[in-house]
1. Within the stretch 142-174, count every residue that is within 16 Å of the ligand (Cβ to nearest atom) and over 16 Å from residue 59 (Cβ atoms).
2. Show me the strands (runs of 3 or more DSSP E) entirely contained within the stretch 172-256 in which 1 or more residues are assigned by TED's automatic domain parsing to the domain that holds residue 129 and touching a residue at least 40 places away in the same chain (Cβ under 8 Å).
3. Can you tell me which residues in the stretch 114-130 are in contact (Cβ under 8 Å) with a residue 24 or more places away in the chain and out of contact with any Ser or Thr (no Cβ under 9 Å at 6 or more places or on another chain)?
4. Given 98, 139, which one is within 16 Å of the ligand (Cβ to nearest atom) and either closer than 24 Å to residue 342 by Cβ or of a type outside the set (Ser, Thr, Tyr) (or both)?
5. For residue 345, are the conditions met, namely being within 26 Å of the chain's Cα centre (by Cα), surrounded by fewer than 16 Cβ atoms within 10 Å (Cβ to Cβ) and of a type outside the set (S, T, N, Q)?
6. I'm told residue 221 meets every condition in (1) at pLDDT 95 or above; (2) surrounded by fewer than 18 Cβ atoms within 10 Å (Cβ to Cβ) except one. Can you identify the failing condition by its number?
7. Within the stretch 285-300, is there a residue that is part of a helix (DSSP H, G or I), in contact with a Pro (Cβ under 9 Å, 6 or more places away or on another chain) and of a type outside the set (S, T, N, Q)?
8. Say whether the condition of being at pLDDT below 95 and either among the β-branched types (Val, Ile, Thr) or open to solvent by less than 20 Å² (accessible area, probe 1.4 Å) (or both) is met by at least one residue in the stretch 30-45.
Amino acid sequence: MVDLKSQYEKIQQEIDNAVIDVIRSTQYINGSEVKNFQQDLEKYLDVKHVIPCANGTDALQVAMMALDLKPGDEVITTSFTFVATVEVIALLGLTPVLVDVLPDTFNIDPESVKRAITPKTKAIVPVHLFGQCVDMEPLMEMAQEHNLYIIEDNAQAIGADYIFKDGTRKKAGTIGTIGCTSFFPSKNLGCYGDGGAIFTNDDALAQRLRVIVNHGMEVRYYHDSVGVNSRLDSIQAAILRIKLRKLDEYAAARRKAACFYDRAFANHPGIKTPVRSKFSTHVFHQYTLVIDDLDQFALQKFMGEREIPAMIYYPVPMHMQKAYIDPRYNEGDFPVTEMLSKSVISLPMHTELDEEQLQFITSSVLEYLG
Ligand SMILES: *Cc1c(COP(=O)(O)O)cnc(C)c1O
């Protein structure tokens, strides 16, 4: 699905030098590169605070810990997401409240969120799925009205712009109370191992987040709250600094590939190509088709026989996962999510796709569909 080798080869000298510099510095943990990357990312996102951490799942967990959410508190999110979003809610003893998504963007449906708000609701976790922002303005209004926190799961849309009705723009992940991201290798800003970060414009919250990722410790060996150990290591930070400088260029390469796909499928009546919403730019973490009456696994197998990877994100909605079965939810409760889980297929999407590959991928899909 991604070609990390070709991408690396283009920046090999720079990366190798940066990694060797960290090794020679022996500052493997919390070295100067971590601080430098933090500042670079703050500048890029135009956000006051970036708190690096070990992965995107930790980022979400630490965010919820910092907001002092208590068992029984309800957190609204979507059933059509990667498990981490729901996992951390459950892990902290909070109550996940799942809602449906919109069929065009695959993102959380603000109207469903509104209906799900109860006196116990404390937070909303919008997931900017596949590289495009959730429509944040309606959610921000609800948060204001009901005094709720918004934690943006921005693991898939780093670099995307949210466009407000008045035309102003903010980077995905910097709109709500807290934003979370992942630097897993296949994400749009991926390192060469695990990594993550938390963003906020709130000074007091930033301080709490920094203490929590560091064992609840502000003064060394004095622990004022229960924390975790969640660090970004210096080698990953050095790599991320280099890749951050290329992030917009990488997004442009992804967009170009997406346009090629769009054109190739434009005339096929059974294929729905990704919609670009007016309130967000798209950084194409995934390029996901919706195809009616499709046996996705058969298409995936057909592509696999030609050595073309294709993935189904996500084949089983959260409310139908064994770990998250809940008497509150039944099959049929989230019709859009369930429809999508049966009809989506994501094609290879990365920064190194050339026309020949794109041609082969698109003609293979079209040949299969007939
Ligand atoms: C990847 C991802 C995460 C988790 O990130 P990790 O770094 O793998 O822990 C969380 N949410 C979403 C939507 C993701 O895609």
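The values are calculated or read from the model by the stated rules, or taken from the named source; none is laboratory data. Keep in mind the model is a prediction, meaning the values are calculated, not measured. Quick reminder, even Gly has a Cβ in these numbers, built from the backbone with ideal geometry, and neighbours come from all protein chains shown. Surface areas here come from the heavy atoms of the whole protein model, side chains and all, with no ligands, DNA or RNA. Shrake-Rupley method; radii C 1.70, N 1.55, O 1.52, S 1.80 Å.
1. 2
2. Here the list reads 178-182, 196-200.
3. Selection gives 114, 116, 117, 118, 121, 122.
4. Being within 16 Å of the ligand (Cβ to nearest atom) and either closer than 24 Å to residue 342 by Cβ or of a type outside the set (Ser, Thr, Tyr) (or both) holds for just one of 98, 139, which is 98.
5. Values: within 26 Å of the chain's Cα centre (by Cα): yes; surrounded by fewer than 16 Cβ atoms within 10 Å (Cβ to Cβ): no; of a type outside the set (S, T, N, Q): yes.
No: the conditions fail for residue 345.
6. Just one mismatch for residue 221, condition (1).
7. To start, the set of residues in the stretch 285-300 that are part of a helix (DSSP H, G or I) comprises 296-300.
Now restrict to residues that are in contact with a Pro (Cβ under 9 Å, 6 or more places away or on another chain): 296-297, 300.
So of that shortlist, the ones also of a type outside the set (S, T, N, Q) come out as 297.
Yes; the residues of the stretch 285-300 include at least one that is part of a helix (DSSP H, G or I), in contact with a Pro (Cβ under 9 Å, 6 or more places away or on another chain) and of a type outside the set (S, T, N, Q).
8. Yes, because at least one residue in the stretch 30-45 is at pLDDT below 95 and either among the β-branched types (Val, Ile, Thr) or open to solvent by less than 20 Å² (accessible area, probe 1.4 Å) (or both).
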